[in-house]
Amino acid sequence: MFRKKWLMAILFIATLVISLIIGNLTTNETVAQNSGRKLIMVTSADYPPYEFRKTGGGAGGEIIGFDVDIAKYITRELGYELEIKDTDFSGIIPALQSGRANFAMAGMTPTPERQKNVDFSDIYYEAKNTIVTKKGANLTTLASLAGKKVGVQLGSTQEKFAKEKIKGAKIVALNKTGDLIQEIKSNRINAAIIEDTIAKGFIANNPTLEFNTVPSSAEEAGSAIAFPKGSPLVQPFNKVLQQMKQNGEIEALVKKWFENQGGNQAAEDPANAPSSFETAWGSIPFIAQGIIVTLQFTLISAFFGFLWGIVLALFKISTVKPLNLFAKGYTSVFRGTPLLLQIALVYYATPQLTGYDIPALLAGVITFTLNSGAYISETIRGGILAVDKGQREAALSLGVPYQPMMKDIILPQAVKNILPSLVNESIALLKDSSLVSTIGVVDVLRRAQIVGAEKYIYFEPLLVAGLIYYVLVMLLTWGGSKLERRLQRSA
């Protein structure tokens, strides 16, 4: 009876998993069918006021900002629908190269290095670099930064600028601007080179900091739209950009987003602005919406990872040498390479190799299934070998075939013995699921980063995300303990 209940539970989970995957594939096919009059824009929505997610007022995390308004205007004028994809800044050019997007807008400057990999439109906005430091640090010029730790955003023009213009400085490159601000506040770096329009928002919400503008040079070209090499969209986009400059649309958007700070309350009324903790706690509903994505990802990956781990474990104890060698080599590769690297390869390489635009969530599930299967296989192999050999010999002597023996006698005992290890692997999978935020999956961690970007804070939203992960882990631990006690009673 107990075994039948387990069988029904597995069938239910399998049905749920297959439904979710079919839903992902159907959605992707629909996008592909409509792509004739739809343009996909890739951005890094953590760079207000250029592009960021609006988390208040029931907006549901809609991506808004200066670049977004320009993109909407251009696509509307050209007769296209617009779809926006979010990723890390360092993943924007790979997204264009892999055919995931038709164009990119993220306050990008057309440097010679970038022009080797993508094409650019005309410049649509020029900004200045600033030196952001703690108040009273007396680091107001590039010369004063010599020998100091200076932070920049990874892959940005500020990174190149700092390396070329600041002599003797130690350059620290981080993924997000919010990371740089937190590093300054933590005294890990002395200053950061940040664009002036971005720096204004952070300074308004962090009164202990200040910024000083770096004199402009002819090398600073401003922001442009990026396209895949050879894209036919460059000229049409340039035509509309020129139109926007002539009819005053660009100037109106500059006033809307830069001079008014996009409606930033702290910038407009610092005295009445809520504290960082009040802002973070007020954003809990938005961050908590990521729980569904996190659990969906974890459950699907854990289910398929467990099944794949069983297959690999059986290969490892098999007397068929090719299967044995394959399983050992597979485990060696997936345990010997970083999980973040595996995610990036599956997500960005799949479109280039197969032509299939794999959804970010599906790419994460596949990667974590393949990765966790390698680890789980070792755990299951140990559990199988821990079962008394006499039971296997007795079953074989009674004429029980190998497959029924493993399915009905050995594996149930092995799983019971290794259940604590499987629960630990599930907990690790739940926490590691935050890595999918690097390819744009809007899970708990990504939502916390979105709140930080929109509100110009950093530490507090991450505390909220940490609390949510802790509660989820405690619930998973409780469920695992209850299941373990039930299995012990049924023994």
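What follows is calculated from the coordinates using simple rules that are stated; it is not laboratory data. Keep in mind the model is a prediction, meaning the values are calculated, not measured. Here the Cβ is made from the backbone with ideal geometry for all residues, glycine too, and neighbour counts use every protein chain on show.
Values computed for the structure shown
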quantity	calculated
Across 38/239; 54/128; 54/455; 85/229, pairs whose alpha-carbon gap is larger than 21 Å	54/128
Beta bridges by DSSP in the chain, antiparallel share as percent, to the nearest 5	55
HN-Hα J in Hz across segment 354-365 - Karplus 6.51, -1.76, 1.60, θ = phi - 60°, x for Gly and Pro	10, x, 8, 7, 5, x, 4, 5, 5, 4, x, 4
The chain, helix-only ellipticity at 222 nm - DSSP H runs n ≥ 4, -39,500 (n - 2.57), divided by all residues, nearest 500	-18500 deg cm²/dmol
Highest to lowest packing among 163-170, 294-301, scored as the average C-beta count within 10 Å	294-301, 163-170
Long-range amide H partners of residue 85 with built H, under 5 Å	41, 42, 43
Quarter of Cα convex hull surface for segment 157-240, i.e. mean projection, nm²	7.8
Long-range amide H partners of residue 108 with built H, under 5 Å	224
Square roots of five times the Cα gyration tensor eigenvalues for segment 82-182, Å	29, 14, 13
Relative contact order computed over the chain (Cα-Cα under 8 Å; 6+ residues apart), in percent	18
For segment 389-491, alpha-carbon Rg and Dmax in angstrom	21.3, 70
Karplus-derived 3J(HN,Hα), 6.51/-1.76/1.60, for each residue of segment 90-100, Hz, glycine and proline x	5, x, 5, 5, x, 5, 5, 5, 8, x, 6
For peptides 320-333, 147-160, sequence by mean Cβ density within 10 Å, most packed first	147-160, 320-333
Length-normalised contact order for segment 129-213 - Cα pairs under 8 Å, 6+ apart - percent	44
Space enclosed by the convex hull of the alpha-carbon atoms of segment 308-431, per residue, Å³	123
Table column - 3J(HN,Hα) (Hz), segment 138-146, Karplus curve with 6.51, -1.76, 1.60, x for Gly and Pro	6, 10, 10, 10, 5, 5, 6, 8, 4
Candidate aspartates and glutamates for bridging to residue 245, where Cα separation is under 16 Å - those fewer than 8 sequence places away on the same chain excluded	67, 69, 77, 122, 126
For segment 328-376, fraction of C-alpha pairs farther apart than 13 Å, in %	54
